[in-house]
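Step one of this worksheet: look at the structure below.
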Amino acid sequence: MNEREARATLFSAVEGAHPFWAREIFSQGALTVIKKLQNGSYDSIKYEKLIKAVTATSSDYVFTSIEKAGAELLTPGDAMWPQSVDDLIAPPIALVIKGNSATLSMHSLAIVGTRNPTHYGARIAGDFAAGFVDREWGIISGGAYGIDSYAHKGALIAEGITVAVIASGVDINYPAGNSRLFAEICEAGAIVSEVMPGYPALPARFLTRNRLIAALAQATLVVEAAFRSGSLRTARDAAELMRPVMAIPGPINSPTSEGCHRLIGERAAEIVTSVADAVEFIGINR
């Protein structure tokens, strides 16, 4: 077993963003961690389930399962590995990519927001996506209904590249209503997942995928978000990585803009009202 095979085995057995195992793997290497799991260096009672999973799983099975899903497994050291994700406190062990893996390393803007946008928010998401595509940037979002979908569609309509980071396996169209959108995304862009094919989109996986959206992008834009929203988590993750965070203001009585106003009020995001504002803030033309 080599390092890449060891990572594949651990990827199938360890839930993404696990702080302890992420730290162990990135500090010691996946092969060393596998050996320590097998020789009893870790608590055999506490990690019994993981030890059994690692013992029962072969890297060939992992690679074959991903290949059957029409995807590929990227690990650190691969030519197409997006090094920006290594900045995370809990970097991914590996990533499953369906589509063009080269797009993960291009300059990109993350556009995130509510699943229930207003017409205003939907238009803004599409306009900003198209504006950044015109500047040869990619658009990254989460593939969900709402702002995510409008951001992806805005990039596609402008004949640009967009990447969807999803919380399920790449062979699961979640939400099902976006199956056609996912197919269009893969034509030039990519779908990214931190779980094996066939794995469902559990609630906790949406939070862990948010950090990947923030890490893959050079900057994050929140278009519309409720006062308590997963999109705010993406914004916080981006801020922790010292990446520019921006928010679109909305009507002061709009529930879908409360999250944006919160970010702006806390000085956690820069207020932007046009693509030109965002370009200037990020410093694309400098």
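If you take Rg/Rh (Cα atoms, Kirkwood Rh) from the coordinates, which of (1) 1.07; (2) 0.96; (3) 0.99 do you get?
Of the labelled values, this structure produces (3).
Can you tell me the length gained on complete extension of the stretch residue 228 to residue 87, counting 0.36 nm per residue apart and subtracting the Cα distance?
Stretched out fully, the residue 228 to residue 87 stretch lengthens by 48.2 nm.
Want the number for residue 281 to residue 105: 0.36 nm per residue separation, take away the alpha-carbon distance, what's left?
The span from residue 281 to residue 105 would gain 61.3 nm if fully extended.
Trypsin sites (Lys or Arg not before Pro) within segment 117-214: which are DSSP loop residues with at most 12 other Cβ atoms inside 10 Å?
For trypsin sites (Lys or Arg not before Pro) across segment 117-214 that sit outside H, G, I, E and B with at most 12 neighbouring Cβ atoms in 10 Å, the list is empty.
Which of the trypsin sites (Lys or Arg not before Pro) found in segment 22-108 are in a DSSP loop and have at most 13 neighbouring Cβ atoms, other than their own, within 10 Å?
Filter output for segment 22-108: 46.
Just give me a number: lysine pairs in the chain, eight or more positions apart or cross-chain, with C-alpha atoms less than 23 Å apart.
Value for the chain: 8.
Taking 7 Å along the Cα-to-C-beta vector as the label spot, tell me the residue 180-residue 202 distance in nanometres, rounded to one decimal.
About 3.3 nm, to one decimal.
Computed from the coordinates by the stated procedures, all read-outs in this text should not be read as laboratory data. A quick note: this is a predicted structure, and the numbers were derived from the prediction, not measured. So basically every Cβ, Gly included, is an ideal-geometry build from the backbone, and we count neighbours across all protein chains shown.
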